[in-house]
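The values are calculated or read from the model by the stated rules, or taken from the named source; none is laboratory data. Note that this is a predicted model, so its numbers are computed, not measured. Here the Cβ is made from the backbone with ideal geometry for all residues, glycine too, and neighbour counts use every protein chain on show. Ligands, DNA and RNA are excluded from the accessible area calculation, which covers all protein heavy atoms including side chains. Shrake-Rupley method; radii C 1.70, N 1.55, O 1.52, S 1.80 Å.
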Amino acid sequence: MATGDGATTGAGSGSEAGVRYAQDGPVATVTLCRPDVLNAQTPAMWSELDDISRKMPGDVRVVIVRGEGRAFSAGLDLSVARGEGDSSLPALARLSPSECAERIAGFQEAFTWLRRPSLVTIAAVQGHAIGAGFQLALNCDMRVLADDARFSMAEVTLGLVPDLGGTKRLTELVGPSRALEICVTGRRLAADEADRIGLATAVVPRDQLDAAVSDLAAAVLAADAGAVAEIKGLLAGAPGRSYEEQDRAEREAQTRRLRDMAGLE
């Protein structure tokens, strides 16, 4: 439904699933909205996130992901861990290995679309971002943290591994040794440490989080959309390329930009 000034919002089933979608021109905001349980995540929320990604209009350039209330997300809802529902941990364990892996692949899609080259995605993190919450933030291109933010990769405390697309980004940001320490201890990382080791794009006072994210989104939108998409692709692929391969990727990207700006196919 319309909210004025060209903004639209998705209501109904999304809100019931614990996710709210709103769009204002080229900026979409995805809000986890289960504040009474610190935005603990469920398979229903993941299904809604995936659905949002599939229905998102092509004119969206920036996606802001945030949590309502005191926390970004406290991670997996304990009801899932305890064994309630077809997607509970015990239910997954009873599937064949291939079926289990396929089910997890579906869960991952709720997170990995945030890496899409056509989008710049920003996590606005306040309070706790634990487990699935941490991985949701890691799948975003940038993370703006309030000074009360706390990260933790807590899957190990349940005897599990992080499996929602966060391990590669974490390793790229902090290195394999530090990533291993973070994942196997499950310890909490305060905002200042997250900033120091490269997990944060910026850390701001809690009451300035919204303004800082809005300013960052505006800066992204001020840049040419085609150039931004090419730059994101170049940087995302850089760790897996040699210098020669990266040089070639730069040449190819620049050729596409020149032809696009000249109106050539």
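Just how much of Cys183 is accessible, in Å², when a 1.4 Å probe is used and the result is rounded to the nearest 10?
Spelled out: Cys183, probe radius 1.4 Å, area about 30 Å².
Keeping all protein chains in the complex and leaving out DNA, RNA and ligands, what accessible area do you get for Met261 with a 1.4 Å probe, in Å² to the nearest 10?
Looks like 130 Å² after rounding.
Sorting Val213, Val37 by accessible area (1.4 Å probe), largest first, what list results? Before the final figure, lay out each step's value.
On the way: Val213 0, Val37 55 Å².
Putting Val213, Val37 in descending order of accessible area: Val37, Val213.
Rounded to the nearest 10 Å², what accessible area does Lys55 show when all protein chains are kept and the probe is 1.4 Å?
150 Å²
Please figure out what share of the DSSP beta bridges in the chain is antiparallel and state it in percent, rounded to the nearest 5.
Values: 14 of 37 bridges.
Expressed as a percentage, antiparallel bridges in the chain total about 40.
Hey, of (1) 1, 6, 12, 16, 18, 17, 13, 9, 5, 2, 1, 0; (2) 1, 6, 15, 20, 22, 18, 12, 5, 2, 0, 0; (3) 1, 5, 11, 14, 15, 12, 10, 9, 8, 6, 4, 2, 1, 0, 0, which did the structure itself give for P(r) over Cα pairs in 5 Å bins from 0, in percent when calculated?
(1)
Sort Glu265, Glu68, Glu230 by accessible area with a 1.4 Å probe, largest first. All intermediate terms of the calculation are to be shown ahead of the outcome.
Working: Glu265 200, Glu68 65, Glu230 40 Å².
Result, largest first: Glu265, Glu68, Glu230.
Tilt of helix 243-261 relative to the longest C-alpha principal axis of the chain, in degrees (0 to 90, nearest 10)?
60 degrees
On a 1.4 Å probe surface of the protein chains, which of Arg150, Arg66, Arg251, Arg257 comes out largest in accessible area, and what is the full order?
From most exposed to least exposed: Arg251, Arg150, Arg66, Arg257.
For the chain, what does -39500 (n - 2.57) per DSSP helix run (n ≥ 4), summed and divided by total residues, give at 222 nm, in deg cm²/dmol to the nearest 500?
On the way: 12 runs with 121 residues, N = 265.
Theoretical 222 nm ellipticity from helices: -13500 deg cm²/dmol.
Counting DSSP beta bridges with both partners in segment 63-203, what percentage is antiparallel, nearest 5?
Close to 10 percent.
Positive end of the charge dipole of the chain (Lys, Arg +1 and Asp, Glu -1 on Cβ, about the Cα centre): tell me which of Thr31, Thr185, Leu221 has its Cα farthest that way.
Thr185
Over 5 Å intervals from 0, what percent of Cα-Cα pairs in segment 21-119 sits in each interval?
3, 12, 20, 21, 18, 13, 8, 4, 1
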